[in-house]
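Here the structure comes first, spelled out in structure tokens, and everything after it is commentary.
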């Protein structure tokens, strides 16, 4: 088995374990709950066949749903994340080399500003879907939006810290 596949499997297992046993029990300020497992989905290479990406996203979300007892909310948010991922990357790389679309969004491959925007957009989309499916109402929309933004900022901060701490800085990371 090749090194990239092993690295991705190891990343998924570690991030799922952290999500299930640590992050699911974090409720900072009563409403902020980080979802660190989506980092594994954000780092999936676009070169993987789309059907396999959907399968990975569904299984990942379903595992989190089983342990969080959320009945498919994370699975649907993860599938939406994988669906929108190439569009967000394409939007962020407008006017640049098409090879940019195949690089992995990690430090060393992308600059901090690009990573911050990409991570925040994807995390915001995920959190918005999770929160709206949990509440299933538009009552108190502005309060809900503030909660989603707070969760997104906190999760984005954690994801970027993890990426910068645990990613090698060499440019030829593939």
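Computed from the coordinates by the stated procedures, all read-outs in this text should not be read as laboratory data. Note that the structure is predicted; figures quoted are calculated from it, not measured. As a convention, Cβ positions derive from the backbone with ideal geometry for all residues, glycine included, and neighbour counts pool all protein chains shown.
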Q. Calculated from DSSP H runs of 4 or more alone, at -39500 (n - 2.57) each and per residue, what is the 222 nm mean residue ellipticity of the chain, nearest 500?
A. -22000 deg cm²/dmol
Q.
Using a 10 Å cut-off around each Cβ, can you sort 52, 83 from fewest to most neighbouring Cβ atoms?
A. 52, 83
Q: Can you tell me the 0 to 90 degree angle between the C-alpha axis of helix 73-92 and the longest principal axis of the chain, rounded to 10?
A: 40 degrees
**Q.** Ordering of 35-44, 69-78 by burial proxy (mean other Cβ atoms within 10 Å per residue, highest first)
**A.** 35-44, 69-78
Q) How do 21, 54 line up, fewest other C-beta atoms within 10 Å first? A) 21, 54
